[in-house]
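Would you mind keeping the following structure in view while I ask a few things?
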Amino acid sequence: MDQQTAGAPAPWRDRRFVVFATGNFVNNLGEASYKVGLPLFVYELTGSLTTMSLLAALAPFMLLLSPWLGAIVDRWGPRVFVVPGLLVQLAAAVALNLAVLAGHASTAVLFALGALVQLGGEMYRTGWIAGVATMFPRNAARSRAVLSSLFVTSNIVGPLLVAVGVGLVGYLGLLWFNAATFLAPIAVWLMGVHPPAKERGAGGAGPGRRPTLVRDILDGWHVMRAEKRVLYVQLTSLPLHFVSGVGVLSFMVWYLRDHWHMSASGVSTAQAVANVGALAGSVYIAARARTRPRIVLAGAAVVMTGALFAMALPSTWVFIVCMVAFFTMRSAMTAVTAMIVVKYLPPEVVGRAEGLFNLMSGLPILLAPLLIPLVQGTWGDVAVLLFLGAAAGLSLLCLVRFWPHWSDGDATHPAPATGDETPVG
């Protein structure tokens, strides 16, 4: 650990960070229960893997908007999306719950209101992620890693809430809980913990005509492409994003329910146990003073590929053990990819960087829930796992291709010193 890292206070020593992280955690807790509870609710309504998969595809579909949202944030500041995104989520979630309560929860209504919930969520995430560097400038990368760990923690607690709550308050009660959690980050904002206002003229084009958002996005891409450490990590992780997105999670929920005939509470508990491993993977990355991205990605590629193939074996326990290994390495992989964006890119392009990488990862994540029902309908349940395992193995080919050139060229536009110079690579 170097002197700058040792001199920077841990994020938890900052009261503002504790307040922000608490509100963010409560919001993520609702999202985690929604992410597990809604597919189970749709299964109870339809019993259809296709409907579950298409509904799951709404989240990655919104990632296609990320470059534009990121460019807007870099131009006008993170504040433009934080509260408006939360309000869009809250309004859509309340409307969805009222439709269910009134007995009008048709597939079309579920898709329309579910899309608005995801749109609001993407706006909120774009805003707060881009705001981390300005809210906590002394330890931005470490703060981002800690927030990732808290996100994983919420993914452990959320399924447990579903396991307990489905028998107490039902699916509708869980959906109301999700809607209520959107109020927590709004309360944090009202307490004064939010990104600072963007200075007039900051990030703009100066005198004369301002460039278009398309020009802003292209400029951001040139900065990112010049930073090989970030670019190679993102490209290598794309096959792993394909095999670990929400569509695959929905398939695993469906597989446990339909193939192994587990109860809804059993499925939620199994997901929570798997997420304990995910927490370990995320905390490991956040706690290390030196993390080598290609080593983490190599481990993730090997373990996730092997786990998917092993899940095809005729054993429920093997399946759950493999889920733990799978989500452990997935979490380590996503923590590294999130951390290095804040670490190695200048703050004025973080919004566009997140947006462009969300687009890159969102396309394979979106493709998965569209292909999985086709593979399952043609070749059966087990074939889906074999198909996903083969897809995950493509990341190993990327590692072989990029490994000799991994250290080519340091950051052309290094991020300014923040006091958190944690080596990453």
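The values are calculated or read from the model by the stated rules, or taken from the named source; none is laboratory data. None of these values were measured; they are calculated from a predicted model. Cβ placement follows ideal geometry from the backbone for every residue including glycine, while neighbour counts extend to all protein chains displayed. When the accessible area is computed, the model is the full protein with side chains, heavy atoms only, and any ligands, DNA or RNA have been set aside. Shrake-Rupley method; radii C 1.70, N 1.55, O 1.52, S 1.80 Å.
Please find, among Pro60, Pro9, the residue that is open to solvent by less than 20 Å² (accessible area, probe 1.4 Å) and either within 20 Å of the chain's Cα centre (by Cα) or at pLDDT below 80 (or both). Talk me through it step by step, then tell me what you get.
Values: Pro9 fails: open to solvent by less than 20 Å² (accessible area, probe 1.4 Å).
Going through Pro60, Pro9 in turn, the sole match is Pro60.
I've got another one for you. Test Ile156 against the criterion of being assigned to a helix (DSSP H, G or I), open to solvent by less than 40 Å² (accessible area, probe 1.4 Å) and closer than 21 Å to Leu356 by Cβ, and give yes or no.
Working: assigned to a helix (DSSP H, G or I): yes; open to solvent by less than 40 Å² (accessible area, probe 1.4 Å): yes; closer than 21 Å to Leu356 by Cβ: no.
It is false that Ile156 is assigned to a helix (DSSP H, G or I), open to solvent by less than 40 Å² (accessible area, probe 1.4 Å) and closer than 21 Å to Leu356 by Cβ.
Before we move on, is Met123 open to solvent by 40 Å² or more (accessible area, probe 1.4 Å) and either of a type in the set (Gly, Ala, Ser) or farther than 29 Å from Val276 by Cβ (or both)? Reasoning before the result, please.
On the way: open to solvent by 40 Å² or more (accessible area, probe 1.4 Å): no; either of a type in the set (Gly, Ala, Ser) or farther than 29 Å from Val276 by Cβ (or both): yes.
Answer is no for this residue.
If a residue counts only when it is without any contact (Cβ under 8 Å) to a residue 24 or more places away in the chain and closer than 16 Å to Leu175 by Cα, which helices (runs of 4 or more DSSP H) contained entirely in the range 31-139 have at least 2 such residues? Spell out how you get there, then give the answer.
Working: elements: 49-56, 58-62, 66-76, 82-101, 107-135.
Because the criterion is at least 2 residues that are without any contact (Cβ under 8 Å) to a residue 24 or more places away in the chain and closer than 16 Å to Leu175 by Cα, the helices (runs of 4 or more DSSP H) in the range 31-139 that meet it are 82-101, 107-135.
Which residues, taken from the range 310-345, are part of a helix (DSSP H, G or I) and surrounded by fewer than 17 Cβ atoms within 10 Å (Cβ to Cβ)? Break it down into steps so the answer makes sense when it comes.
Kept after step one, since they are part of a helix (DSSP H, G or I), are these residues of the range 310-345: 310, 316-344.
Thr316, Trp317, Val318, listed by residue number.
Look through the range 66-107, keep the residues that are among the polar types (S, T, N, Q) and at pLDDT below 85, and return whichever of them is farthest from Phe177 (Cα to Cα). Can you show your working first?
Residues of the range 66-107 that are among the polar types (S, T, N, Q), as a first pass: 66, 89, 97, 106-107.
Right, trim to at pLDDT below 85 and you get 66, 106-107.
Details: Ser66: 27, Ser106: 21, Thr107: 22 Å.
Restricting to residues being among the polar types (S, T, N, Q) and at pLDDT below 85, the top hit is Ser66.
Would you pick out the residues in the range 45-57 that are hydrophobic (A, V, I, L, M, F, W, C) and open to solvent by 30 Å² or more (accessible area, probe 1.4 Å)?
Just the residues of the range 45-57 that are hydrophobic (A, V, I, L, M, F, W, C), to begin with: 45, 49, 52, 54-57.
Hits for the range 45-57 are Leu45, Leu54.
Within the range 288-309, how many residues turn out to be among the hydrophobic types (A, V, I, L, M, F, W, C), open to solvent by less than 70 Å² (accessible area, probe 1.4 Å) and out of contact with any Ser or Thr (no Cβ under 8 Å at 6 or more places or on another chain)? Step through it out loud before you land on a result.
Step one: filter the range 288-309 for residues among the hydrophobic types (A, V, I, L, M, F, W, C), giving 289, 295-298, 300-304, 307-309.
Next, only the ones that are open to solvent by less than 70 Å² (accessible area, probe 1.4 Å) stay: 289, 296-298, 300-301, 303-304, 307-308.
Remaining after also requiring out of contact with any Ser or Thr (no Cβ under 8 Å at 6 or more places or on another chain): 296, 298, 307-308.
Residues that pass the stated criteria total 4.
Could we say that Gly277 is modelled with pLDDT of 80 or more, in contact with a Ser or Thr (Cβ under 6 Å, 6 or more places away or on another chain) and more than 23 Å from Gly362 (Cα to Cα) here? So that I can check it myself, show each step before the final result.
Values: modelled with pLDDT of 80 or more: yes; in contact with a Ser or Thr (Cβ under 6 Å, 6 or more places away or on another chain): yes; more than 23 Å from Gly362 (Cα to Cα): yes.
When the stated conditions are applied, Gly277 passes them.
Given the conditions (1) buried (at least 22 other Cβ atoms within 10 Å of the Cβ); (2) over 30 Å from Ala99 (Cβ atoms); (3) among the hydrophobic types (A, V, I, L, M, F, W, C); (4) at pLDDT 85 or above, report the number of the one that Ala145 does not fulfil.
Among (1) buried (at least 22 other Cβ atoms within 10 Å of the Cβ); (2) over 30 Å from Ala99 (Cβ atoms); (3) among the hydrophobic types (A, V, I, L, M, F, W, C); (4) at pLDDT 85 or above, the lone unmet condition for Ala145 is (4).
Restrict the check to the range 358-381 and report whether at least one residue is touching a residue at least 12 places away in the same chain (Cβ under 8 Å), among the hydroxyl-bearing types (Ser, Thr, Tyr) and open to solvent by 40 Å² or more (accessible area, probe 1.4 Å).
Checked the range 358-381: no residue is touching a residue at least 12 places away in the same chain (Cβ under 8 Å), among the hydroxyl-bearing types (Ser, Thr, Tyr) and open to solvent by 40 Å² or more (accessible area, probe 1.4 Å).
Return only the number of the condition from (1) open to solvent by less than 80 Å² (accessible area, probe 1.4 Å); (2) under 26 Å from the mean Cα position of the chain (by Cα); (3) modelled with pLDDT of 50 or more; (4) within 22 Å of Ser244 (Cβ to Cβ) that Val424 does not satisfy.
With respect to (1) open to solvent by less than 80 Å² (accessible area, probe 1.4 Å); (2) under 26 Å from the mean Cα position of the chain (by Cα); (3) modelled with pLDDT of 50 or more; (4) within 22 Å of Ser244 (Cβ to Cβ), Val424 is out only on (3).
Inside the range 225-243, can you point out the residues that are of a type outside the set (A, V, I, L, M), in contact (Cβ under 8 Å) with a residue 12 or more places away in the chain and either closer than 9 Å to Ile365 by Cα or out of contact with any strand residue (DSSP E or B) (no Cβ under 9 Å at 6 or more places or on another chain) (or both)? Give the derivation first.
Initially, the range 225-243 is screened for residues of a type outside the set (A, V, I, L, M), giving 225, 227-229, 232, 234, 236-237, 239, 241-242.
From what's left, in contact (Cβ under 8 Å) with a residue 12 or more places away in the chain: 227-229, 232, 234, 236-237, 239, 241-242.
Scanning the range 225-243 gives Glu227, Lys228, Tyr232, Gln234, Thr236, Ser237, Pro239, His241, Phe242.
Just wondering, is there one or more residues in the range 36-49 that are more than 20 Å from His261 (Cβ to Cβ) and modelled with pLDDT of 75 or more? Lay out the reasoning, then the answer.
Narrowing the range 36-49 to residues more than 20 Å from His261 (Cβ to Cβ): 38.
The next check asks that each one be modelled with pLDDT of 75 or more; those that pass are 38.
Yes, the range 36-49 has at least one match.
Another question, then. Could you identify the single residue in Val248, Val267 that is closer than 30 Å to Glu354 by Cα, assigned to a helix (DSSP H, G or I) and either over 16 Å from the mean Cα position of the chain (by Cα) or not basic (Lys, Arg) (or both)?
Working: Val267 fails: closer than 30 Å to Glu354 by Cα.
Matching residue, one of Val248, Val267: Val248.
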